[in-house]
Amino acid sequence: MTSVGDRIEGHLFVLKAIMDRDKLTLEESLSRYPGLVPTDDHDAVRRHWEQHERTTTIIRTVRPTELTATGGPRPWAENWNSAEGYYWARQRRFLSHVLRRQDYEIDSVDLASDRVLAHLENPRHPEPFSVRGLVVGHVQSGKTSNFSALIAKASDAGYKIIIVLSGLHNTLRQQTQRRLQRDLGHENVPFPKGVGQGDPEKYWTWLTRDDLDGDFDPGVNVGPLQGQNQVILVVKKNKTRLDRLLDWLENKVPEHVPVLVVDDEADQASVNTGGNRPDDEPVSEVLDLRAADFDGEMPADDELDPSAINLRIRRLLRCFARVSYVAYTATPFANILINPNAEDREGGGDLFPRDFILTLPHPPGQKYVGSDRLFGREQLPGEVGQVDGLDVIRIVPELEVEQVIPPKGKRKPYTPVIPSTLKAALIDFLLASAGRMARNGADQPCTMLVHIDMRKEAQDKLAAEITAELGHMRQQWRYDRENFLPVLSDRWDTEFRPLTSSMDLDNDAPFQKLEQHLDALLTPGVEVRILNSNHEDELDFEIEPDLKAVLVGGNKLSRGVTVEGLLVSYFVRRSPYYDTLLQMGRWFGYRGDYVDLTRLYSTQLLVTWFHDLATIEEELRRQIEHYARRKLTPWDAAPRIRSHEKMLPTAKNKMKDTSLQQESFDGRKLQTLRFPFDDPMILDLCSENLGTTRALLGSLGAPHRADPGRLNWEGVSPEAVVRFIELFRFSDQSAFDVPSVASYIQAQTQHNELVSWRVMVSSARVQHDEHRTVDLGISGHPEVTMIQRSRLAKDPSSLGVVTEPEDELQGLTSAQIEEARKLQESGDFSTLGDAFRSQRSSREGLLVLYPVDPSSGVGANAKNRRRLFDEGIERPECVLAYAVSFPYSTSPRSLPYVVGHKAGRP
């Protein structure tokens, strides 16, 4: 921002505070305080205010989705106005006037925290109570903001003791405590660094400190527990620490004192696993803990045994006569699979959210970057087309992964090297950092994350190589700049500027504007920090708000910790669990102001998995919305989590009370979209698919009908279709599990459904000279004109879509087509495709084959696409894809889903 822009923003900041305080309009404020803003700046202030108002009015704040056991908010909440509370009013002013949050951002936090508060019991209720709920956010989306607001509002309402359970590491506990001290009030955080300590009669009594070793100490005074003080503790989820807290609390809290327990990252350590640990490694190694993170004697695996911690949280809740427990997580897979009927003679009921499940909406505006925006996801029912991801992902070939991770086997020698993709990532980090600082005209935190393996030896060795590589770049900058500058300039012009210009032309900057910032980075050199328990390095953005560093780590960077200014990530570590993989995504978060400068280097497999997880996540949220519309309670609902061929929703020992159920394919269309285009194996795969297709079509004889671009057969046996589907090869797609599809077809034939199939070849309607043909073994039609298709630039293993909308019309009469259109127009079906499938007989399925020209380029108007095969690459004869269209059924088989227990009423 320019100095003029800073001055106008400063004027507007002061005026907005006056407008809020005195309930004035902008013009009234300018008139009443004429000397506050120079007359020459009045017009600029008005323009900035109008732009602010436009931004505010076009962004809609969405209410959370709520499943509740009480049918809605509790009666007391209807008469409680949180806007009149002391603690929330101070926090809101701080967010608005100091942090300068937009009105829509504050409104989102305000609305969501109000809804959570409404499901807690009235702290002044005359009878004892115990409430248990779950709040589901998005990774790095501001869950702490929500529970910080909830704590303020609950304290205003009358809750006197607040206990926040925060992660396993001292660093995460410290980060949470500092954030709450800022938002609630603390003697060591004066205004404007925080809300300030406030009125003496409203002071908080903090029983934990904000240093790394500031966790709960049982030597503190128990006097504040009597209900006269506002008390807060931020405590690690550690067996010994929780034991000390339990011993200290025993019989100390009077029955009339209401308590709020907030469980942050509630899917970690809080869920009962039955004591089973699948990892052979010691807990201290798996979770990357140093001695200071343990409160018992080292080593002690049961210090972090989830079953032991789960039991102690349950015992903690039984210490209080009046208590509300709220679990927060962005990855709720383990929490919603808790057995609601589980009871323990010592701990009582498990932590199932029996009273409410609330899903926070996607953060408003464009600043938040989540999994669907980054990786894209599949089309879900009611949507038109799939959701495309951003063009910020760069693929790391598997051969280069082998250069940075240790080989399998604990004693094999390991010496990493810097592959070409990591070198490119380091250069991108330097350019993105300089670009961000040039854009903002001020110093900013700029970080890069390197996460390759959980083993600390691998992190340490690679960090040394990264340090050497950055040292080499520094030498090039200082002593060979005339040769290094053109490399950097070309990279900026080709890799960054096109995307920036396409998103916001005002942010485009020539390379010359970066040079002074590159000099500020490279002259002193870029620091490399190793964040694991072998080293004392830490992240503390309170002390280093403008940190410039490459961060190398593993599990310590996998959950909860916010990495400010994260620009480039190099991530090649696999995990077989949905929740673990999503939590490793530190690149999610509020990065919309500079998302065009971010880059994620990862493998094609991991990118595909994240794409699948974005679909699974969104599908689960929509499922909860569906239950909410049906007015189901957490006891009535049993949310299903789509199964994945290669991953599990969470660790097996958290799924011991689950079952595997199936989802029907009836009324659905599936298509093969993913192929290994950049792998030499594509040649053999396409050759085999061509042989499989020729075998099928050759067995069918001459087409029963031949129209331009369409060859049709009727009455094909389901056995022939199943044989084709089982032999045809393509890359993994989470929504297209071949064994499940084959099983579904075979099962439906037992009900006299899908017993007859239409098979169609969809080719180019009009043949031009440049169009190529292929022999598919069709009797009487030796040459079939291939169609043109390109692949996604951001997800280069995917075609994105291969079907044509009119293909669904095959076999339908004019009357059926007209009826389908009426049904779609009346709202009975969200898409025409669904409506067309409703008109097809349940006895008949449709298989459509698509011969794709391997020389296909990108259309003139296509965006975010790339050629099917790069120039100069050996190509197959034909790339075949297919789609299967299933009619609606009255007896459908289904796709596997992981499902938790559904309980009856308690």
From the residues in segment 860-871 that are at pLDDT 90 or above and of a type in the set (A, V, I, L, M, F, W, C), which one is surrounded by the fewest Cβ atoms within 10 Å (Cβ to Cβ)? 869
Please verify whether segment 844-859 includes one or more residues that are open to solvent by 20 Å² or more (accessible area, probe 1.4 Å), modelled with pLDDT of 90 or more and not in a loop (DSSP other than H, G, I, E, B). yes
Does residue 784 satisfy the criteria of being over 43 Å from the mean Cα position of the chain (by Cα) and open to solvent by less than 40 Å² (accessible area, probe 1.4 Å)? yes
Please go through segment 462-487 and give me each residue that is in contact (Cβ under 8 Å) with a residue 60 or more places away in the chain and over 19 Å from residue 435 (Cα atoms), ordered by number. 462, 463, 466, 467
If I filter segment 254-294 down to residues being at pLDDT 90 or above and over 28 Å from residue 145 (Cα atoms), which single residue comes out as most open to solvent (accessible area, probe 1.4 Å)? 255
Cβ-Cβ distance below 6 Å, separation of 6 or more or different chains: which pairs start in segment 809-820 with a residue that is crowded, with 16+ Cβ neighbours inside 10 Å and end on one that is of a type in the set (Gly, Ala, Ser)? 820/835
Wholly enclosed strands (runs of 3 or more DSSP E) of segment 488-597 bearing at least 2 residues touching a residue at least 12 places away in the same chain (Cβ under 8 Å) and open to solvent by 40 Å² or more (accessible area, probe 1.4 Å): none
Just to be sure I understand, how many residues within segment 240-273 are assigned to a strand (DSSP E or B) and among the hydrophobic types (A, V, I, L, M, F, W, C)? 4
So which pairs qualify, if the first residue must be in segment 689-710 and under 13 Å from residue 759 (Cβ atoms), the second must be at pLDDT 95 or above and of a type in the set (Asp, Glu), the Cβ gap must be under 7 Å, and the two must be at least 6 apart or on different chains? 704/714
Please work out which residue is least open to solvent (accessible area, probe 1.4 Å), limiting yourself to segment 217-239 and to residues that are of a type in the set (S, T, N, Q) and part of a loop (DSSP other than H, G, I, E, B). 238
Selection from segment 821-843 of residues that are open to solvent by 60 Å² or more (accessible area, probe 1.4 Å) and basic (Lys, Arg): 821, 822, 843
In segment 194-216, which residues are surrounded by 14 or more Cβ atoms within 10 Å (Cβ to Cβ), assigned to a loop (DSSP other than H, G, I, E, B) and not aliphatic (A, V, I, L, M)? 194, 196, 197, 198, 203, 208, 209, 210, 214, 215, 216
Of the numbered conditions (1) part of a loop (DSSP other than H, G, I, E, B); (2) open to solvent by 20 Å² or more (accessible area, probe 1.4 Å); (3) within 30 Å of residue 616 (Cβ to Cβ); (4) not aromatic (Phe, Trp, Tyr), residue 754 fails exactly one; give the number of that condition. (2)
Select, from 109, 139, 131, the only residue that is of a type in the set (A, V, I, L, M), within 24 Å of residue 196 (Cα to Cα) and in contact (Cβ under 8 Å) with a residue 40 or more places away in the chain. 109
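The values are calculated or read from the model by the stated rules, or taken from the named source; none is laboratory data. None of the values given here were measured: they were computed from a predicted structure. Cβ: placed from backbone, ideal geometry, glycine included. Neighbour counts: every protein chain shown. All accessible areas refer to the heavy atoms of the entire protein, side chains included, with ligands and DNA or RNA removed. Shrake-Rupley method; radii C 1.70, N 1.55, O 1.52, S 1.80 Å.
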